[in-house]
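For reference, the structure discussed in these notes is given below.
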Amino acid sequence: MGSNVAKKTVTYAQLLETNNLLQINSDESYWLCVTRTTQESKLFPVSPYMMLSYANAFYRWPELLRKIESRMSMEECGDRARNMGTKTNTLTMGWTLPNFYLLGREWLINMGMLRPEDAVDDVIYVMDCWKRMQLSYHRNDGHLSNSQFGHRSQLMPERQLQVFEADLHSVAAGDPLHVASSKFMATVSQYQFLSHCECRIGICNQGPYAFGEGQELIVRDFMDLGVGDYPWLDGVADKFLFNNLTVPMVVKDTHFELMDDWGSFESKPEFRAENIVRIGLYTSDLLTDTYLPVAMESVESLTAKFNELTQLIAEANQVLWKKVAGWSRAEMLEAGALVYYNILKDVAHIAGVYEQSDWMEIDERAARFIPLLNDEYGRDVLTELVGLLTLPSQVTNDYTLCMHGNKNGRMYSPIPYTILDTGDYTPTSGPMGKGSSLFKKQTGWRTSRGLLSQDEYNKAVREFTPFACSPEARYIDDNWVRFHTTDPAVQTLYKKTQAHSPRLANKGAGLKRDDINRLRKG
């Protein structure tokens, strides 16, 4: 992408805000990358596929985000995402939306294929999409990201947390439910890592929430479990009837002091399964009004369901291992890159504009770099890009001390302000190029309404609006509820959330913790 004098379409204010958002993500990303565990695999070429995904994101996401917003704004997407446990969460929207795109941009700058003055309109738009989605998604805690909240994530409204408090079943270490739930979480975690090509994208956590008596609640989501966007799960996950499962758990004697923008946590003392004192199981997707309980009628039914799911997942995992073992390195590289690249796909599902070719193909411009991506190059360029900050575009003047690192570097190149005088910039990277894939989708998409085709799924989503996102309820927030508990729309909103709760059904708004504890004991 060479020099080009463009008609000025950007303002100083836009550049100031965009460069600020770039720097916010630069600081947080550096902290995450140098303080969290290293991403490695003996099976998949993880570093090479990450680099390929970043290039694919740079070339494709701006156009796909515009396609999404032609149907639904990012603010409304955020409102809908807040009410379900899908792959529109802290990890996918909170960190990967800006950073995968920006990492692709920075790599291209350092290969001499891009200038910081190029694709300016795209960069501004992508960062603005992130900001609007995040502010909407984090509306309940009032922050732009987990990092701004001291690495906490309190996304859920009171009405949903009350249902969890009323209905989660008590457990003690060693009892049948505790054993069954522990085996399930271990087994499903193994499945998620393999189905997502040895990365952590299929699992996310939020919280902590105060649950009285020194206890805290965290909520763990397992996503894309069934047949759906990933072609390699066709014939593997066909028997799995839930695409997303949410496990809320209450933990004693443990404080979760960190819930970062990758959806991972740290606690003091270290989290131990034997400290779980209450647990539940729910499912949700784009076609549910709220979280739906799964076998929550009794301790016995939930224990049996955890055992049943564990067996199903273990069987699926064996089939998947055999399938993956037959893949070539090219297939492993592409599969991993697609898992990373298409991490935003559920936003397209929310808007009802999902197309498999948009999200499960490698753009011809990104595919040019595949010959470069052997294990050594992938490892070294990724290390420099996100850890060492030693690429030519990243090194700043000698007087700089960057946040968290005390070195003269920044992860992302700001847009030069001189373009406001010279007009010397290019607005966009252009339309998406021709895509290709080694994988072909064979079956449909698992939803709460059964197995749907792509067209059926898009149509169903377009025709459905959760009550919480309806015109009469969308702007009702927890603070307003405190002073308007008798408002008819508030009562309806709470009762919709409570509809499947055996203890809170039809109770409405205005309940306090003491009321819920009495109902639990009763």
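Laboratory data are not the source of any read-out in this text; all were calculated from the coordinates shown. Fair warning: this is a prediction, and the values are worked out from it, not measured in the lab. Backbone-built Cβ (ideal geometry, glycine too); neighbour counts: all protein chains shown.
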Practice task
Just check the stretch 470-522 against the gyration tensor rule for me: Cα atoms, a ≥ b ≥ c as the square roots of the eigenvalues, rounded for a/c under 1.5, and otherwise prolate or oblate depending on whether a/b exceeds b/c.
Solution key: oblate
Exercise for the section: Express the relative contact order of the stretch 470-522 as a whole percentage, based on alpha carbon pairs under 8 Å and six or more residues apart in sequence. Expected result: 27
Practice task
State the Cα centre-to-centre distance between the stretch 279-338 and the stretch 86-113 in whole Å.
Solution key: 27
Exercise for the section: Treat each spin label as a single point 7 Å out from the Cα along the C-beta direction, and report the PHE271 to ASP478 distance in nm. Expected result: 2.0
Practice task
Taking just the C-alpha trace of the stretch 94-146, give me its Rg and Dmax in Å.
Solution key: 13.2, 43
Practice task
Based on other C-beta atoms within 10 Å, arrange ASP224, ASP128 from fewest to most.
Solution key: ASP128, ASP224
Exercise for the section: Please list, in chain and number order, the residues 5+ apart from THR447 or on another chain whose amide H is under 5 Å from its amide H, with Hs placed from the backbone. Expected result: LEU452
Exercise for the section: Rank-order 314-327, 95-108 by packing density, defined as the average count of other C-beta atoms within 10 Å over each peptide's residues, highest first. Expected result: 95-108, 314-327
Practice task
Would you calculate the volume per residue, in Å³, of the smallest convex hull containing every Cα atom of the stretch 1-132?
Solution key: 136
Exercise for the section: Find the relative contact order for the chain and round it to a whole percent, using C-alpha pairs within less than 8 Å whose residues are 6+ positions apart. Expected result: 25
Handout entry: Full-extension gain in nm, ASP238 to GLU355, via 0.36 nm per residue minus C-alpha separation
Key = 40.0 nm
Problem - All Cα pairs of the stretch 104-220, percent lying beyond 24 Å - result: 54
Fill in the blank from the handout: Rg/Rh of the stretch 19-75 (Cα atoms, Kirkwood Rh), to two decimals, equals 1.08
Completion exercise
Quarter of the surface of the C-alpha convex hull for the stretch 292-451, i.e. direction-averaged projected area in nm², equals 16.4
Fill in the blank from the handout: Checking rank on 450-457, 161-168, with mean other Cβ inside 10 Å and highest first, the result is 161-168, 450-457
Problem - Value at 222 nm in deg cm²/dmol, rounded to 500, when DSSP H runs of n ≥ 4 in the chain each add -39,500 (n - 2.57) - result: -13000 deg cm²/dmol
Handout entry: Dipole magnitude of the stretch 470-522 about its Cα centre (Cβ charges: Lys, Arg +1; Asp, Glu -1), debye to nearest 20
Key = 380
Handout entry: Label-point gap, in nm, between TYR399 and LEU144 - each point 7 angstrom along Cα→Cβ
Key = 2.5
Practice task
Could you tell me which helices of the chain pass both thresholds, a Cα extent of 24 Å or more along their own axis and a mean Kyte-Doolittle hydropathy of at least 0.0, with helices taken as whole DSSP H runs?
Solution key: 120-137, 176-195, 299-325
Practice task
Express the Stokes-Einstein translational diffusion coefficient of the stretch 403-522 in µm² s⁻¹, to the nearest whole number, given a Kirkwood radius over alpha-carbon pairs, 25 °C and a viscosity of 0.890 mPa s.
Solution key: 116
Completion exercise
Placing +1 on each Lys and Arg Cβ and -1 on each Asp and Glu Cβ in the chain, then taking the dipole about the Cα centre, the residue among SER73, TYR412, GLY522 whose Cα reaches farthest towards the positive end is GLY522
Handout entry: Distance-filtered residues of the stretch 412-442 - backbone nitrogen under 15 Å, label point 7 angstrom along LEU16 Cα→Cβ
Key = 417-418, 420
Completion exercise
Per 10 angstrom bin, beginning at 0 and ending with the bin that holds the maximum distance, the Cα pairs of the chain fall in percents of 4, 18, 29, 27, 15, 6, 1, 0
Exercise for the section: Give the peptides 180-191, 484-495 in descending order of average Cβ contacts within 10 Å, highest first. Expected result: 180-191, 484-495
Fill in the blank from the handout: Quick calc, the chain, dipole around Cα centre from Cβ unit charges on Lys, Arg (+) and Asp, Glu (-), nearest 20 debye, gives 820
